[in-house]
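The structure that follows is given in the form of C-alpha cells.
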Amino acid sequence: MDSQQGFTLIEMIVVLVILALIAGIVMSRGPSRSPTLEVKQAVALVAQAFRGARAQAIAADRPVDVEIDTTDHAIRTGPGRLTLLPATVAIETTIPQQSRHAAIRFAPDGSSSGGGVLLAEGTVRTLVTVDGLTGRVRFS
C-alpha cells in the first residue's frame, strides 16, 4: 500500500502550542517604543496645530490662539480642538507663560506672536518655532 503523506493531529497541535508560546512571549514584552519616533510624532502634532490655527485665522479673518499646556501634555487650538501629545515627551516653551499655559496667537494677516516649543525625550530634542512676522512654522 502507498503510505499517506501529511501531518498527524498530534503534530499539528504541538506546532500550534509552540507558536502560541512564542506569540505569548513576544506580546508580554509589550510594544517597543522609540524616543525618536515619540518626538517625531509630537513635532508633527504641534506643527499641524500651529499651521491649522494660522490657516483658520486667515480664513475666518479673526485671531486664533494655540495654547500649550506643559503639565497635561496637550495643545488646544482656538476654543475647541484639544490634541494630546505623548506623555513621555517633555515640553518646554519659549513663550511667556501664565501658570501652566503658554499661547501663540495667529492674526488674520498670517502673522503671529511668535515663539517656540521644545520637545524632548532622552537625548532626542526638536524645537518647533513660529516666526512672528510671517507665522511660518519650522522645526529643527
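Return yes or no: is ALA60 under 22 Å from GLY135 (Cα atoms) and among the aliphatic types (A, V, I, L, M)? Lay out the reasoning, then the answer.
Numbers: under 22 Å from GLY135 (Cα atoms): yes; among the aliphatic types (A, V, I, L, M): yes.
The answer is yes for ALA60.
Moving on to the next point. In the list VAL89, VAL64, VAL17, VAL39, which residue meets the criterion of being under 24 Å from SER111 (Cβ atoms) and at pLDDT 90 or above? So that I can check it myself, show each step before the final result.
Details: VAL89 fails: under 24 Å from SER111 (Cβ atoms); VAL17 fails: under 24 Å from SER111 (Cβ atoms); VAL39 fails: under 24 Å from SER111 (Cβ atoms).
Answer to the selection: VAL64.
Tell me whether the range 44-54 contains one or more residues that are at negative phi, under 19 Å from the mean Cα position of the chain (by Cα), exposed (fewer than 14 other Cβ atoms within 10 Å of the Cβ) and touching a residue at least 60 places away in the same chain (Cβ under 8 Å).
No.
Go through the range 78-126 and count every residue that is under 26 Å from ARG33 (Cβ atoms), part of a strand (DSSP E or B) and touching a residue at least 24 places away in the same chain (Cβ under 8 Å). First the steps, then the outcome.
Taking the range 78-126 as the starting set, the residues that turn out to be under 26 Å from ARG33 (Cβ atoms) are 81-93, 100, 116-126.
Still in the running and part of a strand (DSSP E or B): 82-84, 90-93, 116-121, 124-126.
Narrowing further to those that are touching a residue at least 24 places away in the same chain (Cβ under 8 Å): 83, 90-93, 117-121, 124-126.
Qualifying residue count for the region: 13.
So, one more: Could you check the range 61-77 and list, in sequence order, the residues that are more than 17 Å from GLN41 (Cα to Cα), open to solvent by 20 Å² or more (accessible area, probe 1.4 Å) and not hydroxyl-bearing (Ser, Thr, Tyr)?
If the condition is that a residue be more than 17 Å from GLN41 (Cα to Cα), open to solvent by 20 Å² or more (accessible area, probe 1.4 Å) and not hydroxyl-bearing (Ser, Thr, Tyr), then ASP61, ARG62, PRO63, ASP65, GLU67 are the ones that fit.
Has the range 18-38 got any residue that is closer than 30 Å to ALA103 by Cα and aliphatic (A, V, I, L, M)?
Among the residues of the range 18-38, at least one is closer than 30 Å to ALA103 by Cα and aliphatic (A, V, I, L, M), which makes the answer yes.
Out of the residues in the range 127-140 that are without any contact (Cβ under 8 Å) to a residue 24 or more places away in the chain and of a type in the set (Gly, Ala, Ser), which is surrounded by the fewest Cβ atoms within 10 Å (Cβ to Cβ)?
Among those residues, the one meeting the criterion is SER140.
One residue is enough: does the range 12-35 have a residue meeting the conditions in contact with a strand residue (DSSP E or B) (Cβ under 7 Å, 6 or more places away or on another chain) and either at negative phi or open to solvent by 40 Å² or more (accessible area, probe 1.4 Å) (or both)?
yes
Scan the range 97-126 for residues that are open to solvent by 60 Å² or more (accessible area, probe 1.4 Å) and more than 19 Å from ASP72 (Cβ to Cβ) and jot them down.
The initial filter retains those residues of the range 97-126 that are open to solvent by 60 Å² or more (accessible area, probe 1.4 Å), namely 97-101, 105, 109, 113, 122-123, 125.
Selection gives ARG105, ASP109, SER113, GLY122, THR123, ARG125.
The values are calculated or read from the model by the stated rules, or taken from the named source; none is laboratory data. Owing to the predicted nature of the structure, the values given are computational and were not obtained by experimental measurement. Note that we place each Cβ from the backbone using ideal geometry, even for glycine, and neighbour counts take in every protein chain shown. SASA here: full protein model, heavy atoms, side chains in, ligands and nucleic acids out. Shrake-Rupley method; radii C 1.70, N 1.55, O 1.52, S 1.80 Å.
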